[in-house]
Amino acid sequence: MLFVRACQTILLTAALVAAPAFAERSHRTPTSGHSKKKPVSHKVQGQRGIDPDRAREIQSALIKQNYLSGEPSGQWDSETQTAMQKFQSDNGWQTKLTPDSRALIKLGLGPDHTGTLPTTAKSVDAPQTKSPPSVAEANTLASAHSIQN
C-alpha cells in the first residue's frame, strides 16, 4: 500500500512539472463579446475657436482695462491671446490660451442673468402693516423664534 501511494505521488509530481512544458500558448478571447477592436477616433471635441463677435467683445473689454490697444478686430490673434494671458496672470488665474470664466466675468462678459429670475417688486410708497398673528400662528415653533421688526 505504501508503494502504491509513493508511485501515485511521483506520477502526480511528474505530471505537474511536465504540464507547463507541453502547454499550448493560445490567447483566450474575452467572453463578453467585445473581441473586435474599435478604430480609435481622433475627433477633437469642444470649442475649437472663439467666435469673431465674442472675440470683439473680449478685445473691447481688454482695451477698457488697458491690456490691449487699438480697435477690436474680432480675430483671436496672438496679441489678444497675450493680453488675455496677462490679465489672467495679474489676477492669479490660469494662463491658458482659452479665456478663464472668472476673467470673462471680471471683464463684464459673464452670463447675463437679467430677466431670468422672477422679480418681486415691493412698493416703497405703501406702508408695511403687520397684523398680529392669530392664535394658531402664534403657537408655532417658527413664529416663536422669528425676529420681529
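Derivation of every value follows stated rules applied to the coordinates shown; laboratory data play no part. In this text the structure is predicted, and so the values were computed from the model without any measurement. We place every Cβ from the backbone using ideal geometry, glycine too, and count neighbours over all the protein chains shown.
Relative to the present Cα-Cα distance, how much length would full extension add between S73 and N91 at 0.36 nm per residue of separation? Before the final figure, lay out each step's value.
Numbers: separation 18, 0.36 × 18 = 6.48 nm, distance 2.47 nm.
Here the answer is 4.0 nm.
With θ set to phi - 60° and the Karplus curve 6.51 cos²θ - 1.76 cosθ + 1.60, what are the ³J(HN,Hα) couplings of region 72-82 in order, to the nearest whole Hz, using x for Gly and Pro?
x, 9, x, 9, 7, 8, 5, 5, 5, 4, 5
Ranking I105, I58 by Cβ neighbours within 10 Å, fewest first, what do you get? List each step's numbers first, then the result.
On the way: I105 11, I58 24.
In order of increasing Cβ crowding within 10 Å: I105, I58.
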